[in-house]
1. Specify which of the listed residues (134, 153, 82, 94) is modelled with pLDDT of 65 or more, closer than 29 Å to residue 59 by Cβ, among the small types (Gly, Ala, Ser) and buried (at least 16 other Cβ atoms within 10 Å of the Cβ).
2. Mind checking whether some residue in the stretch 13-20 is at pLDDT 70 or above, small (Gly, Ala, Ser), surrounded by 12 or more Cβ atoms within 10 Å (Cβ to Cβ) and assigned to a loop (DSSP other than H, G, I, E, B)?
3. Enumerate the pairs (first residue in the stretch 31-44 and in the same structural domain as residue 71 (by TED's automatic domain parsing); second residue anywhere and in a loop (DSSP other than H, G, I, E, B)) with beta-carbon separation below 6 Å, excluding pairs fewer than 6 apart on the same chain, so at least 6 apart or on different chains.
4. Given the condition aliphatic (A, V, I, L, M) and either over 22 Å from the mean Cα position of the chain (by Cα) or at pLDDT 85 or above (or both), answer yes or no: does some residue in the stretch 59-74 qualify?
5. Look at residue 35 and say whether it is closer than 12 Å to residue 80 by Cα, modelled with pLDDT of 80 or more and surrounded by 15 or more Cβ atoms within 10 Å (Cβ to Cβ).
6. Do the conditions hold for residue 10, that is, is it out of contact with any Asp or Glu (no Cβ under 8 Å at 6 or more places or on another chain), modelled with pLDDT of 80 or more and on the phi < 0 side of the Ramachandran plot?
7. Can you pull out the residues in the stretch 61-76 that are surrounded by 13 or more Cβ atoms within 10 Å (Cβ to Cβ) and farther than 14 Å from residue 18 by Cα?
Amino acid sequence: MTKLTDTQARILNAASRRAGNLAMPLPKGLHGAVAKKVVGMMMERGLIEEVEANIDKREALWRETGDGCGTTLVATSAGLTAIGVDPVVVQAIAKLRNGPREAVVDTVEDKPAKPRGGTKQTQLIDLIETPTGASLDEIVAATGWQAHTVRGAISGTLKKKLGLVVVSEKVDGRGRVYRIS
């Protein structure tokens, strides 16, 4: 078996679990000159190769080619063999799990988070789902949270993580009212 560094093994292991054996995106913290050196060494050894990226399917780019297109990195059969994985088995499993490389891109961003039932988060969602919404004071009373925690949960969790469209408006007699549009 080929001797690999920890970084090279992480890249190849991640690629073996993705549709089309995509090596992109690279592990967190690996960027710049270090990434270029690691990828260059792996390409020299035939562990990964550059292929044209399918930009329409939002495949992560390794580099842009200047004509509106770019390239991405794919683990080769030699790379998969280097980590002790049979390339035929990996391709069959990836095809069953994710479909062909052109059809699906394995990214975390495409998987929306789901709230658990019976939590304060679901209680907050239930309160602001009504057509009239819920005022900040009503949410504070129902959840027991402080006002800044409610605002943070709405901004960070509901809007950013869950992707909900939350509208905030000032209503006479109720104060700041939040509702899901």
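The values are calculated or read from the model by the stated rules, or taken from the named source; none is laboratory data. Small disclaimer: the values here were computed from a predicted structure and weren't measured. Glycine gets a Cβ as well: all are built from the backbone with ideal geometry, and neighbour counts include every protein chain shown.
1. Details: 134 fails: closer than 29 Å to residue 59 by Cβ; 153 fails: closer than 29 Å to residue 59 by Cβ; 94 fails: modelled with pLDDT of 65 or more.
The match here is 82.
2. Here is the first cut: in the stretch 13-20, the residues at pLDDT 70 or above are 13-20.
Among the residues that remain, those that are also small (Gly, Ala, Ser) are: 14-16, 19-20.
In the following step, the residues that additionally are surrounded by 12 or more Cβ atoms within 10 Å (Cβ to Cβ) were identified as 14-16, 19-20.
From what's left, assigned to a loop (DSSP other than H, G, I, E, B): none.
So far as the stretch 13-20 goes, no, none of its residues is at pLDDT 70 or above, small (Gly, Ala, Ser), surrounded by 12 or more Cβ atoms within 10 Å (Cβ to Cβ) and assigned to a loop (DSSP other than H, G, I, E, B).
3. Within 6 Å, the pairs are 35/26.
4. We begin by selecting, within the stretch 59-74, every residue aliphatic (A, V, I, L, M); these are 60-61, 73-74.
Checking the rest, the ones that are also either over 22 Å from the mean Cα position of the chain (by Cα) or at pLDDT 85 or above (or both) come to 73-74.
Checked the stretch 59-74: at least one residue is aliphatic (A, V, I, L, M) and either over 22 Å from the mean Cα position of the chain (by Cα) or at pLDDT 85 or above (or both).
5. On the way: closer than 12 Å to residue 80 by Cα: no; modelled with pLDDT of 80 or more: yes; surrounded by 15 or more Cβ atoms within 10 Å (Cβ to Cβ): yes.
Against the criterion (closer than 12 Å to residue 80 by Cα, modelled with pLDDT of 80 or more and surrounded by 15 or more Cβ atoms within 10 Å (Cβ to Cβ)), residue 35 does not qualify.
6. Numbers: out of contact with any Asp or Glu (no Cβ under 8 Å at 6 or more places or on another chain): yes; modelled with pLDDT of 80 or more: yes; on the phi < 0 side of the Ramachandran plot: yes.
Against the criterion (out of contact with any Asp or Glu (no Cβ under 8 Å at 6 or more places or on another chain), modelled with pLDDT of 80 or more and on the phi < 0 side of the Ramachandran plot), residue 10 qualifies.
7. 61, 62, 63, 70, 71
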